[in-house]
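Novice: Can you read through this structure? Questions will come right after.
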Amino acid sequence: MSLSLRKFAAAALAAAISFGAAAEQTLKVGTEPTFPPFEYIDDQDKSNVIGFDIDIINAIAKAEGFKVEIVKMPFDGLIPALLTSQLDAAIAGMTITEEREKKVDFTAPYYDSGLSAVILKENAEKFKKLADLKNSRICGQIGNTGIDFAKKLSGNVAAFNTNPEAFLELRAKGCDAVITDKPVNEFFLRSQKEGLYAEIPEFAEVAQFGIAVKKGNDEVLKALNEGFDKLRKSGEYDKIYSKWFHSGN
Ligand code: ARG
């Protein structure tokens, strides 16, 4: 091996073992962009994904000196794509669950969430609490924790590719409720001006969101956790949080 080749090989090895050390590495980050305010398509520029999660991953990348390429895919495709190394990470309002932790590693939690149900306002008297949905048809998104929870409540559950499709089904009275993360339900309610919908005033299953990486991908996990720590300490996290959750969004 010539000296320059040897140098190159050593540099490549160094880059491989210390992620983020080499300038401008690009991390492929998967998401499912129909989940506002966490990730959704920008109305102004349909090629752009925006949201809390996107700001968080971009700020982490900036703090750690790498670049991010956002890759859109179905929610239930994210973990398989991590397992097959098509993605380096996934940020998708993904709840840290024991089940998922068997397959992937999560960063420290970056957001506290939980589930709620949206119903039609005309049924507000009928569905006062989640338990009232017992014999009802509940809709949600494929592979979501909301679907698992719905199955505990009712034997009649329908899973759609996206939450917006589930909301359309609710509107068409094809289901009685949509169960998903409470901040997503509340963003939906605020975006609807006709006043057709209501939320059951009950909060189910406290959850925490984490960024997922392939099991054992410690370089990326470490860079993400380190970057996130920096955001917490610098106040950047709070800024991003209030941009998405305290400004009437
Ligand atoms: N928090 C729920 C879960 O982890 C829903 C996530 C849906 N995310 C999305 N980008 N569609 O299952």
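Just so you know, all these numbers are worked out from the coordinates, no wet-lab data involved. Just so we're clear, the structure is a prediction, and the values are computed from it rather than from any experiment. Glycine also receives a Cβ, built like all others from the backbone with ideal geometry; neighbour counts cover every protein chain displayed.
Novice: Roughly speaking, what % of Cα-Cα pairs in the range 104-249 are separated by over 25 Å, rounded to a whole number?
Specialist: 38
Novice: Please give me the summed charge of the neighbours of Lys215: other residues whose Cβ is under 12 Å from its Cβ, Lys and Arg +1, Asp and Glu -1.
Specialist: Surrounding charge for Lys215 is +1.
Novice: Any lysines with Cα under 30 Å of the Lys128 Cα? List them, leaving off those in the same chain fewer than 8 positions away.
Specialist: Lys151, Lys152, Lys173, Lys182, Lys193
Novice: Can you tell me the Rg and the Dmax, both Å, for the Cα atoms in the range 158-204?
Specialist: Reported Rg and Dmax, both Å: 10.3, 26.
Novice: Which three lengths, in whole Å and largest first, does the chain cover when its Cα atoms are put on their principal axes?
Specialist: Between the extreme Cα coordinates on each principal axis of the chain lie 78, 36, 31 Å.
Novice: Could I ask something else about it? Would you kindly state the longest site-free stretch of the chain, with sites defined as GluC sites (Glu not before Pro) in a DSSP loop (not H, G, I, E, B) surrounded by at most 16 other Cβ atoms within 10 Å? Intermediate values should be presented prior to the final figure.
Specialist: Details: sites that count: Glu24, Glu125, Glu194, Glu202.
Looking at the chain, 25-124 is the longest stretch - no exposed GluC sites (Glu not before Pro) with at most 16 other Cβ atoms within 10 Å.
Novice: In terms of Cα to Cα distance under 16 Å, which lysines are near enough to Lys67, apart from those fewer than 8 places away along the same chain?
Specialist: Within the straight-line limit of under 16 Å, Lys67 reaches these lysines: Lys28, Lys222.
Novice: Hey, another quick one. Quick one: which residues, 5 or more positions from Thr34 or on another chain, have an amide H under 5 Å from its amide H? H modelled 1.01 Å from N in the peptide plane, none for Pro or chain starts.
Specialist: For Thr34, whose amide H was placed from the backbone, there are no distant partners under 5 Å.
Novice: Taking neighbour counts of Cβ atoms within 10 Å as a proxy for exposure, in what order, fewest first, do Thr26, Thr107, Thr97 appear?
Specialist: Thr26, Thr97, Thr107
Novice: Something else now. Compute the angle between helix 52-64 and the longest alpha-carbon principal axis of the chain, please, reported from 0 to 90 degrees and rounded to the nearest 10.
Specialist: With rounding to tens, the tilt is 10 degrees.
Novice: Also, quick follow-up: For the range 179-186, what does the Karplus curve 6.51 cos²θ - 1.76 cosθ + 1.60, with θ = phi - 60°, yield as ³J(HN,Hα) per residue in whole Hz, taken in order and with x for Gly and Pro?
Specialist: 10, 7, 5, 3, x, 6, 4, 6
Novice: Quick one: if the Förster radius is 35 Å, what FRET efficiency do Glu125 and Arg232 give, using the C-beta to C-beta distance and rounding to 0.05?
Specialist: Efficiency computed from Cβ-Cβ geometry: 0.20.
Novice: What are the equivalent ellipsoid semi-axes of the range 79-168, built from the alpha-carbon gyration tensor (square roots of five times its eigenvalues), in whole angstrom, biggest first?
Specialist: 29, 14, 12
Novice: To continue, here is another question. Can you list which of the trypsin sites (Lys or Arg not before Pro) found in the range 72-177 are DSSP loop residues with at most 13 other C-beta atoms within 10 Å? Let's see the in-between values first.
Specialist: Values: sites: Lys72, Arg100, Lys102, Lys103, Lys121, Lys126, Lys128, Lys129, Lys134, Arg137, Lys151, Lys152, Arg171, Lys173; in loops: Lys102, Lys103, Lys126, Lys128, Lys129, Lys134, Lys173.
Passing sites in the range 72-177 are Lys102, Lys103, Lys126, Lys128, Lys129, Lys134, Lys173.
Novice: Could you name the lysines in cross-link range of Lys239, using Cα to Cα under 16 Å and dropping any fewer than eight places away on the same chain?
Specialist: Once the sequence-local lysines are set aside, what remains near Lys239 is Lys62, Lys230.
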